[in-house]
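K.L.:
Below is a structure I'd like to ask you about.
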Amino acid sequence: MDRYVFLETFGCQMNDDDSDRLLGFLKDINYIRTEKVERADFIIINTCSIRDKAEQKVYSALGRFKSLKNEKPGLVIGVAGCVAQQNGEALLKRAPYLDVVIGTHNIHRIKEILREVSVNKRRLAATEFSSGIDGHEYGPRPFNIGVKASVSIMRGCDNFCTYCIVPYTRGREASRTGADIMNEVSALAQRGVKEITLIGQNVNSYGRGTELGFAGLLRKVCRVEGISRVRFMTSHPKDFSGDLTRLFAEEGKLCPHAHLPAQSGSDDVLKRMKRGYTRAQYLEKIAMLRAVRPDIAITSDIIVGFPGETDRDFLDTMGLINTVRYDNIFSFMYSPRPDTAAAGFDGQVPLEVKSERLRALQAAQLKITNEKSRALVGKTVEVLVEGVGKAGPDEFFGRTSCARAVNFPAGAAAPGSLTDVFITDAYANSLRGALQGSTP
Ligand code: SAH
Ligand code: SF4
Ligand code: F3S
């Protein structure tokens, strides 16, 4: 008999991947995904804990589901992801209507966990960490097939940046075997996937100490027949190697885009964040990348208001933005997180100061992003066609190799093809163009 699962996902690429794995395992026991929460037999929230605001979202979402439990006695409610890992049993105490807490290393145990809940009527928190990655953890994948797919290559993080909760919620770094990854990539290619993104919290640590390493793996993935574009997310500037940089010149399928989170432009702040690079070393990596691939798009994450950040430090960050001229950035106000070193640092910055710095930073970046977009008007770019756009069946949507969104009249292009599009207009978050020709 079919049963229904309602799944809500917050957070990063790793949580999206875990949600896909959850759905894959649940499909084995006849669960079908539903968008209607009232119809669900199992409600699960896959949570993020990166900032306090993200964590609070979980409690408000849970509150919404509480009343459903009274109406439907057999309903199972679960929390997975980083908040589940961080708070474990305490979540069961805080929310009496919650049945299960599924930690980040326990996704693949979902079937036995559900059995415990439904058959043995137990509420439980499965938050044990395991040391390596067992091939079975990736289970019946891939679940959703389109033009693009992500392949997780590792989990965890050993960097312990002083502001960050991820090493506590995702555990120690562990890599999947090269054979498992390549099997998955080949299977995706055979099912028509054209673009692969290799994902991990810190992909350049992949296979540390092994012969393959991240650059070696990336090269192999670029050589898979049927795949036309390869990306990766996220890489740490301190580990961005010369080998990896050279790949941008050597592998035509590797998209000219690097997300290199700087976090701050001040050496003092970088040191207290424990990032492992100076501003000069960071700029050196960018110069190397631009030397081998002048058209490369560079994006970043920036935190404002880290403890002890002075006006001078913040000006250094503004200076970095204007020096690098990023294609785009994700920027955040520092949020103290449990267990992290920086939460106990002196000099916590008041909310008004953080908020004003964020506003100034975002305004400066918006100007740069707009200038870069406008510079594309009148140029021809190669777009991977993803499918019908929001404007209706006559409109197609795709992305440039630098991941900019492009809308254009559908014409003869087919989803999955690489098509030349002449850019006619630039908006805040997208480009508009006209079709030039396509290669199937
Ligand atoms: N592994 C990636 C980042 C993962 S978290 C890396 O090392 O770059 C995504 C982003 O969230 C981080 O780059 C950082 O900018 C931001 N972030 C992490 N912890 C934060 C905190 N406590 N407060 C505000 N932003 C934070
Ligand atoms: Fe967090 Fe730093 Fe690890 Fe990124 S590298 S996940 S910011 S600890
Ligand atoms: Fe959030 Fe966990 Fe990702 S804290 S950003 S979901 S690793």
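K.L.:
Of the candidates ASP313, ASP425, ASP394, which one comes out as most mobile in a Gaussian network treatment of the chain with C-alpha springs shorter than 10 Å?
P.N.:
Of ASP313, ASP425, ASP394, the Gaussian network model singles out ASP394 as fluctuating most.
K.L.:
Over the chain, with a Gaussian network built from C-alpha contacts below 10 Å, which listed residue (THR278, THR323, THR245) shows the highest mean-square fluctuation?
P.N.:
THR323
K.L.:
Still on this structure: Relative contact order of the chain: what whole-number percent is it, with Cα pairs under 8 angstrom and at least 6 residues apart?
P.N.:
Relative contact order for the chain comes out at 10 percent.
K.L.:
Also, I was wondering about something else. Divide the volume of the convex hull of the Cα atoms of the stretch 284-364 by its number of residues and quote the answer in cubic angstrom per residue.
P.N.:
108 Å³
K.L.:
Sticking to Cα atoms, compute the Rg of the chain to one decimal and its Dmax as the biggest Cα-Cα distance, whole number, in Å.
P.N.:
Radius of gyration, then largest Cα-Cα span, for the chain: 22.6, 65 Å.
K.L.:
Can you give the log10 of the normalised intensity I(q)/I(0) at q = 0.12, 0.22, 0.24 Å⁻¹, computed with Debye over equal Cα scatterers of the stretch 232-297?
P.N.:
Listed by q, the Debye log ratios stand at -0.31, -0.91, -1.04.
K.L.:
What Kirkwood hydrodynamic radius do you get for the stretch 135-374 when you take the inverse of the mean 1/r over all pairs of distinct Cα atoms, in Å?
P.N.:
19.1 Å
K.L.:
Something else: Quote the relative contact order of the stretch 3-126 in percent (integer), defining contacts as alpha-carbon pairs under 8 Å separated by 6+ residues.
P.N.:
Averaging sequence separation for qualifying contacts and normalising by length gives 24 percent for the stretch 3-126.
K.L.:
State the antiparallel share, in %, of DSSP beta bridges confined to the chain, rounding to the nearest 5.
P.N.:
Restricted to the chain, the bridges split so that about 35 percent are antiparallel.
K.L.:
Still on this structure, I have one more. Could you tell me the convex hull volume per residue, in Å³, taken over the Cα atoms of the stretch 262-319?
P.N.:
It comes to 75 Å³ per residue, whole-number rounded.
K.L.:
Would you kindly calculate the translational diffusion coefficient of the stretch 321-440, applying Stokes-Einstein with the Kirkwood radius from alpha carbon pairs, for 25 °C and a viscosity of 0.890 mPa s, and quote it in µm² s⁻¹ without decimals?
P.N.:
In µm²/s, the coefficient is 146.
K.L.:
Follow-up. Taking +1 at the Cβ of each Lys and Arg and -1 at the Cβ of each Asp and Glu, which of PHE25, GLY305, VAL100 sits farthest along the dipole of the chain towards its positive end, judged by Cα position relative to the Cα centre?
P.N.:
VAL100
K.L.:
Could you estimate the translational diffusion coefficient of the stretch 190-321 from the Stokes-Einstein equation, with Rh from the Kirkwood formula over C-alpha pairs, at 10 °C and 1.306 mPa s, in whole µm²/s?
P.N.:
Estimated diffusion coefficient is 100 µm²/s.
K.L.:
Quick one: P(r) of the stretch 111-266 from all Cα-Cα pairs, 5 Å bins, percents rounded to integers, in order of increasing distance.
P.N.:
2, 8, 16, 19, 18, 14, 11, 6, 4, 2, 1, 0
K.L.:
Using the 4.7 Å Cβ rule, please list in number order the cysteines from the chain without any candidate partner.
P.N.:
Lone cysteines by the Cβ rule: CYS12, CYS48, CYS82, CYS157, CYS222, CYS255, CYS402.
K.L.:
Please find the FRET efficiency linking LYS390 to THR424, where r is the Cβ-Cβ separation and R0 is fixed at 22 Å, and quote it to the nearest 0.05.
P.N.:
Working from the Cβ atoms, E equals 0.80.
Every number in this text was worked out from the coordinates using simple rules, so none of it is lab data. These numbers were taken from a predicted model, which means no experiment stands behind them. All Cβ positions, even for glycine, are placed from backbone atoms using ideal geometry, and neighbour counts span all protein chains on display.
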